[in-house]
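Colleague: This is the structure, below, for whatever I ask next.
Coordinate-derived values only; no laboratory data. Because the structure is a prediction, the values reported are computed rather than measured. Here the Cβ is made from the backbone with ideal geometry for all residues, glycine too, and neighbour counts use every protein chain on show.
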Amino acid sequence: MAQKSLTTKELRALTEKELAEQLQQRRRDLWQYRMKAKDGSLQQTHLLRVTRRQIARLNTLLKEQVLKEQVGG
């Protein structure tokens with residue numbers, strides 16, 4: 001959990017498979033944070049927001065790669 005988040009520039013250098021793995025890990029993290037928040041044991045509540053934004057960023061980069069492949073670039 002709570003891994004150091006990569007910058008957008010670093011994320012763009014990853015392959016589609018690596019981005020998908022990052023996305024899967026962030027989704028697992030978010031689920032764990034939600035469960036901890038529900039039972040009151042999550043001390044760093046900002047992690048929910050940060051993780052949601054990381055997921056959105058990863059989804060955007062994956063979509064960019066798919067569109068780039070479709071265009072042929």
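Colleague: Please work out how much length the chain gains when fully extended from THR15 to GLN70, using 0.36 nm per residue of separation minus the C-alpha to C-alpha distance, in nm with one decimal. Write out the running numbers ahead of the final one.
Modeller: Values: separation 55, 0.36 × 55 = 19.80 nm, distance 1.58 nm.
Value of the extension gain: 18.2 nm.
Colleague: Sticking with this one: With bins 5 Å wide starting at 0, give me the P(r) of the chain over every alpha carbon pair, in whole percents.
Modeller: Answer for the chain: a P(r) of 3, 16, 26, 21, 14, 9, 7, 3, 2, 0 percent.
Colleague: Toward the positive end of the charge dipole of the stretch 25-73, about the Cα centre and with charges on Cβ (Lys, Arg +1; Asp, Glu -1), which of GLN25, LEU48, GLN65 goes farthest?
Modeller: LEU48
Colleague: Next question. Quick one: dipole size for the chain, taken about the Cα centre, charges +1 on Lys/Arg Cβ and -1 on Asp/Glu Cβ, in debye to the nearest 20. Could the numbers behind the result be given before it?
Modeller: On the way: 16 positive and 8 negative charges, 66 e Å.
That gives a dipole near 320 debye.
Colleague: Right, something else. Using each residue's phi in the stretch 38-50, evaluate 6.51 cos²θ - 1.76 cosθ + 1.60 at θ = phi - 60° and report the 3J(HN,Hα) Karplus result to the nearest Hz, with x for Gly and Pro.
Modeller: 5, 8, x, 9, 7, 7, 9, 5, 5, 5, 4, 5, 4
Colleague: Expressed in nm to one decimal, what extension gain is obtained for the pair ARG49 and MET35 from 0.36 nm per residue of sequence separation less their Cα-Cα distance? Write down the numbers at each step before the final one.
Modeller: Numbers: separation 14, 0.36 × 14 = 5.04 nm, distance 1.44 nm.
Result for the pair: 3.6 nm of gain on full extension.
Colleague: Residue by residue, what Karplus-based ³J(HN,Hα) values in Hz, rounded to whole numbers, does the stretch 30-36 have, using 6.51, -1.76 and 1.60 with θ = phi - 60° and x for Gly and Pro?
Modeller: Running phi through 6.51 cos²θ - 1.76 cosθ + 1.60 with θ = phi - 60° gives 4, 4, 5, 5, 5, 5, 5 Hz.
Colleague: Short version: ³J(HN,Hα) in whole Hz for each residue of the stretch 51-58, in order, from phi by Karplus 6.51 cos²θ - 1.76 cosθ + 1.60 (θ = phi - 60°), x for Gly and Pro, what are they?
Modeller: Once θ is set to phi - 60°, the couplings for the stretch 51-58 become 5, 4, 5, 5, 4, 4, 5, 5 Hz.
Colleague: Would you mind pulling out the separation of the Cα centroids of the stretch 50-73 and the stretch 1-36, in Å?
Modeller: Value for the Cα centre distance between the two parts: 13 Å.
Colleague: Okay, moving on. Which of the lysines could a cross-linker bridge to LYS17, judged by Cα under 20 Å and excluding same-chain residues fewer than eight apart?
Modeller: List returned: LYS4, LYS9, LYS63, LYS68.
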